[in-house]
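Asker: First, the structure itself, so that you have it in front of you.
The values are calculated or read from the model by the stated rules, or taken from the named source; none is laboratory data. As the structure is a prediction and not an experimental result, all values here were calculated from the model. Ideal geometry is used to build each Cβ from the backbone, glycine not excepted, and the neighbour counts take in all protein chains shown.
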Amino acid sequence: MKTIVGNWKMNVGTRESVALARGVLLALRGKKRLPEVALCPPFTALGEVRKVVARSHASLGAQNVAAEEQGAFTGEISTRMLVELGVTHVIVGHSERRHLFGETDASVNQKVIRTLSAGMVPIVCVGEGAADRADGKERDVVAAQLRGALADLHLRHKERILFAYEPVWAIGSGTSDTPADAVAMHAWIRSLVPELLPGIKPEQVAVLYGGSIDGSNAYLFLREDEVDGLLVGGASVKLSEFTKILDAAADVLDARAA
Ligand code: 13P
């Protein structure tokens, strides 16, 4: 399976979100084989986008969630609130949250545990910065982030986790990683799974790539077996680009089935 996640960040209001969601559903129409699709609008648009994607192929995702369950946490949104809105996927530990809002591996860990126990699928983001890459430390950085994010986690039978490998230097920069380097990192992440999540089946873990994906490079990543899907930022709020990405995913699925 291939999974395409659109992270709309703080780039669209409710009206644009509804139009985008409608456009995405239209783009999926008539395809023989569909990737799994999750759309992550801003919190304020979740209620309206939910109505659009209800009973469709697309799932509803949130861009963040509170680490705490309930209480005096002004401005925070809990897992229960998200579940009430029909949210099934939650982006956790995005690099913008880590770097701009001080999220730590410990808070990411709490969010992952809460998201799973609320019955939703966490999309756990990891990725090294430019300096780490220049120093050849990318594997160590990613492994440390994963160990932190998944500490004390015991995945139950039907629970799923998506990992998103997003090298920080590739996010919003217009320069993606190379498919070959992404494949190598995804293989590294997968090789850590027995240590990170003892006893879980490989199909419970998918590794997505994110960072400057658009309509022109999506296929080059998606055709790789190690790339289970894409987490798309900027190109996910441009319907024509996102449509090309969905087309690329459908093409890969068709080619595999042929
Ligand atoms: P861009 O696709 O804009 O590089 O953003 C990637 C991202 O941060 C998705 O979460």
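Asker: Working carefully through the options Val124, Val90, Val108, Val112, find the one that is under 19 Å from Asn7 (Cβ atoms), in contact with a Leu (Cβ under 8 Å, 6 or more places away or on another chain), at pLDDT 95 or above and outside any strand (DSSP E or B).
Answerer: Val112
Asker: Okay, next question. When you scan segment 72-85, do you find a residue that is in contact (Cβ under 8 Å) with a residue 12 or more places away in the chain and within 16 Å of the ligand (Cβ to nearest atom), even just one?
Answerer: No, there is no match, as no residue in segment 72-85 is in contact (Cβ under 8 Å) with a residue 12 or more places away in the chain and within 16 Å of the ligand (Cβ to nearest atom).
Asker: Follow-up question, since we're still on this one. Scanning segment 1-17 for residues that are surrounded by 18 or more Cβ atoms within 10 Å (Cβ to Cβ) and away from the ligand (no atom under 12 Å from the Cβ), which turns out farthest from Gln204 (Cα to Cα)?
Answerer: Residue satisfying both the conditions and the ranking: Val12.
Asker: Oh, and also: When you look at Val252, is it in contact with a Leu (Cβ under 6 Å, 6 or more places away or on another chain), closer than 21 Å to Val37 by Cβ and away from the ligand (no atom under 15 Å from the Cβ), yes or no?
Answerer: It is true that Val252 is in contact with a Leu (Cβ under 6 Å, 6 or more places away or on another chain), closer than 21 Å to Val37 by Cβ and away from the ligand (no atom under 15 Å from the Cβ).
Asker: Can you name every residue in segment 177-209 that is away from the ligand (no atom under 16 Å from the Cβ), surrounded by fewer than 17 Cβ atoms within 10 Å (Cβ to Cβ) and either assigned to a loop (DSSP other than H, G, I, E, B) or aromatic (Phe, Trp, Tyr) (or both)?
Answerer: Pro198, Gly199, Lys201
Asker: I've got another one for you. Taking into account only those residues within segment 189-239 that are basic (Lys, Arg) and modelled with pLDDT of 95 or more, which is nearest to Leu162 (Cα to Cα)?
Answerer: Looking at the filtered set, the residue picked out is Arg223.
Asker: Kindly establish whether Gly47 is part of a loop (DSSP other than H, G, I, E, B) and not charged (D, E, K, R).
Answerer: Here the answer is no, as Gly47 does not meet what is asked.
Asker: While we're here: With the requirement that a residue be part of a loop (DSSP other than H, G, I, E, B) and among the hydrophobic types (A, V, I, L, M, F, W, C), what does segment 137-176 give you?
Answerer: Those that are part of a loop (DSSP other than H, G, I, E, B) and among the hydrophobic types (A, V, I, L, M, F, W, C): Leu150, Ala151, Leu153, Leu155, Ile171.
Asker: Related question: For segment 1-18, how many residues meet the condition of being in a helix (DSSP H, G or I) and touching a residue at least 60 places away in the same chain (Cβ under 8 Å)?
Answerer: Number satisfying all stated conditions: 1.
Asker: Taking segment 226-240 on its own, how many of its residues are farther than 19 Å from Val193 by Cβ and not hydrophobic (A, V, I, L, M, F, W, C)?
Answerer: 5
Asker: Another question, then. Return the residue satisfying two criteria in turn: it lies in segment 151-169 and is surrounded by fewer than 22 Cβ atoms within 10 Å (Cβ to Cβ) and touching a strand residue (DSSP E or B) at 6+ places or on another chain (Cβ under 9 Å), and of such residues it is farthest from Glu36 (Cα to Cα).
Answerer: Leu153
Asker: Additional query: Kindly indicate whether Ala250 is more than 23 Å from Asn109 (Cα to Cα) and crowded, with 19+ Cβ neighbours inside 10 Å.
Answerer: yes
Asker: Mind listing whichever residues of segment 210-234 are near the ligand (Cβ under 8 Å from one of its atoms), among the hydrophobic types (A, V, I, L, M, F, W, C) and in a strand (DSSP E or B)? Quick ask: steps written out before the conclusion?
Answerer: Initial filter on segment 210-234 (near the ligand (Cβ under 8 Å from one of its atoms)): 210-214, 231-234.
Narrowing the set further to residues that are among the hydrophobic types (A, V, I, L, M, F, W, C) leaves 213, 231-232.
Within segment 210-234, Leu231, Val232 meet the criteria.
Asker: Also: Inside segment 161-184, can you point out the residues that are of a type in the set (A, V, I, L, M), out of contact with any Pro (no Cβ under 8 Å at 6 or more places or on another chain) and in contact (Cβ under 8 Å) with a residue 60 or more places away in the chain?
Answerer: Ala164, Val168, Ile171
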